[in-house]
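Down below is the structure, laid out as structure tokens.
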Amino acid sequence: MFGRKRSSPPNIPQRLSDSGATGPQAASLNPRSPQGVSMSPSDAASSTFRPEIPRRVHTDIPNAPRTGVSAPATETPEPKTMIVGRDILLNGEITACDRLVVEGRVEAEMTDTHTIEIAETGLVKGTAEIEEADIRGRYEGKLTVRGRLLIRGTGLVTGEVRYGQLEVERGGRVSGDVDALPEAAETAAAAPAAE
């Protein structure tokens, strides 16, 4: 228990020559030989010690960049998402964004953006041409939504608003110049005629 440190195996061939032990006693002291099998000192010196090192297990880390590995053909690229957190102010132009989540304040012109989500604490001022919008906070400015514009109970949209479909929950408010897009109006007019 309180013996010497056992960090590495003792050097048996040197001990054998120092102690002068020979024969079966010397062979039984060799840690490289399997139990019950005796080896002579000359056999022990010629054998090489090869410790078994466990192989490293490769795991996939989500969202980690892969270098030198091509993606499988069935894998779809992840959407480009931008999150503007609380107490953050963003000014400028936003392009090529699949999903924009606003919890802070954004004053920008948005093009090539697919979806915008404005949290209750979020405020967006500017111009946006997007596919879908889910608004719980406030939007001020010119907003064009080609698909569905959803205004939640805490949402407020003011300014020039154009939409493909409009859904307003109880408590949600829209004010300003609000109108359906021409292609959406034509589709809505054609739907009752088809019935």
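Rule-based calculations on the coordinates, nothing more; no lab input. Everything quoted here is computed from the prediction, not taken from an experiment. Heads up, the Cβs are rebuilt from the backbone with ideal geometry, glycines too, and the neighbour counts pull from every protein chain shown.
For the stretch 81-194, what is one quarter of the convex hull surface built on the Cα atoms, given in nm²?
6.8
Could you list Tyr139, Tyr163 in order of exposure, starting from the residue whose Cβ has the fewest other Cβ atoms within 10 Å?
Sorted ascending by nearby Cβ count, the order is Tyr163, Tyr139.
Which of the peptides 105-111, 155-161 is most tightly packed, and how do the rest follow, judged by the mean count of other Cβ atoms within 10 Å per residue?
Sorting 105-111, 155-161 by mean packing, highest first, produces 155-161, 105-111.
Give, as ranges by residue number, the residues of the stretch 113-135 whose backbone N falls under 17 Å from the point 7 Å along Cα→Cβ of Leu89.
122-126
For every other residue with a beta carbon closer than 9 angstrom to the beta carbon of Thr81, add +1 if it is Lys or Arg and -1 if Asp or Glu, then tell me the sum.
Local net charge: 0.
Starting from the 7 Å offset along Cα-to-Cβ, what nm value, one decimal, do you get for the label separation of Glu78 and Glu183?
In this crude spin-label approximation the distance works out to 3.1 nm.
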